[in-house]
1. By counting other Cβ atoms within 10 Å of each Cβ, how are Arg62, Arg335 ranked from fewest to most?
2. Given a Förster distance of 51 angstrom, what is the FRET efficiency for Leu10 paired with Glu44, based on the Cβ-Cβ distance and rounded to 0.05?
3. Beyond a 24 Å Cα-Cα separation, which of these cross-linked pairs lie in this structure: Lys13/Lys150; Lys130/Lys172; Lys179/Lys199; Lys13/Lys179; Lys68/Lys130?
4. Using only alpha-carbon positions, what ratio does the radius of gyration of the range 267-364 give when scaled by 2.2 N^0.38 Å?
5. ³J(HN,Hα) across the range 244-249 via Karplus (A = 6.51, B = -1.76, C = 1.60, θ = phi - 60°), whole Hz, x for Gly/Pro?
6. Can you give the helix-only mean residue ellipticity at 222 nm for the chain, where every DSSP H stretch with n ≥ 4 adds -39500 (n - 2.57) and the sum goes over all residues, rounded to the nearest 500 deg cm²/dmol?
7. Modelling each spin label as a point 7 Å along the Cα-to-Cβ direction, I'd like the Asp346/Ala360 distance in nm, to one decimal.
8. What Rg and what Dmax come out for the chain when only alpha-carbon atoms are used, in angstroms?
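Derivation of every value follows stated rules applied to the coordinates shown; laboratory data play no part. On a predicted model such as this, the values are computed, not experimentally measured, just so you know. Neighbour counts run over all protein chains shown; Cβ positions are idealised from the backbone, glycine included.
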Amino acid sequence: MSDQLSPLSLRRKTRQIMVGKVPVGGDAPIPVQSMTKTDSRDVEATVSQIYSYAGAGCEIVRVSVPTKKAGEVFHEIVARSPIPIIADIHFDYRLALVAADGGAACLRINPGNIGGQDRVRAVVDKAGEKGISIRIGVNGGSLEKDLLEKFGTATPEAMVESALRHLEMLEKEGFTNTKISLKASDVVRTVQAYRLLAKQVDYPFHLGITEAGTPFGGTIRSSIGMGILLAEGIGDTVRVSLTGDGEEECRVGHEMLRALELRSGGIRMVSCPSCGRVQIDLNRVANEIEAGLKAINHEGITYAVMGCVVNGPGEARDADLGVAGGAGEGLIYRRGELIRKVKEEDLVPAFLEEAKKFKAEKELAGI
Ligand code: SF4
């Protein structure tokens, strides 16, 4: 990708804040985050879910603190978490204070919803004392009544005005350690809202399409919505919301960032959609290879699994390690060089064997 088109070179200039040890904004890599789906009073289940998210590449995790009981055990979750935790608070500012004392790295709270400037001051003072950041999270589904009356509905302009109001309440107290999200359940409004606000403030943005849907639809909506913004340089941290598996949210988030060359690392697997030319069971081969590669976990590598000899060898040659199918057989390429020709039934083990060998050699060479 040329520099002119690179989303990295277009990245909006934002101030940098910290979420624990993870920088957000400025020129920091865009972290992927997710939210736990367990009952946050259940320490064991929540910690175990955080570990499994972290294993899938989650770098920041949000945990809701909806009740006093959840607040009481929050510090235990923080103490055992391998990644920084954002405490998600609605309305009750006292829970924000408890979460901050419990070690939250960031508070997700809307200052306009907690009952007055005095309470905002209490939260801001606590956040300042603990050195933690705040995320303002405007949601199209829960906008202030007067804004809905003024704009007729939750328009992008209404969402932006809501965000500016919340921001002003923090700024009034001298607090600027803030990031903002503007989530609508549809892609178009979300994109418009972020674009509008990007012209007005330099705070980092948390991107997300809220209630994005099932893994299939949600992945598409999230990738399009966030993809448009990220391609324009807007966005400093991402959360993909899917009904279901949080690990999948993280994987989709990383893949989105990698597709736009905003993050590197991880495993990149190119595979063809297959067509009438394919003469091997490509679906099975690609899925088995992908599963095997996860276990090998060789960061920063590109693999290609291609169905036939038309486009296959080209892609397979461009990858670090690639396979191109033939008639009941497959050719394995390493960095452009044909290294093996194997029968279809031996293709997956042979490819994974080469992948392990490749990793071991790179490690030995200290690359
Ligand atoms: S690589 Fe071959 S099998 Fe795969 S889509 Fe292209 S032409 Fe079809």
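1. In increasing order of surrounding Cβ atoms, one gets Arg335, Arg62.
2. Rounded to the nearest 0.05, the efficiency is 0.70.
3. Lys13/Lys150
4. 0.95
5. These are the phi-based 3J(HN,Hα) values: x, 5, x, 4, 5, 4 Hz.
6. -14000 deg cm²/dmol
7. Reported label-point gap for Asp346 and Ala360 is 1.8 nm.
8. When restricted to Cα atoms, the chain yields Rg and Dmax of 23.1, 74 Å.
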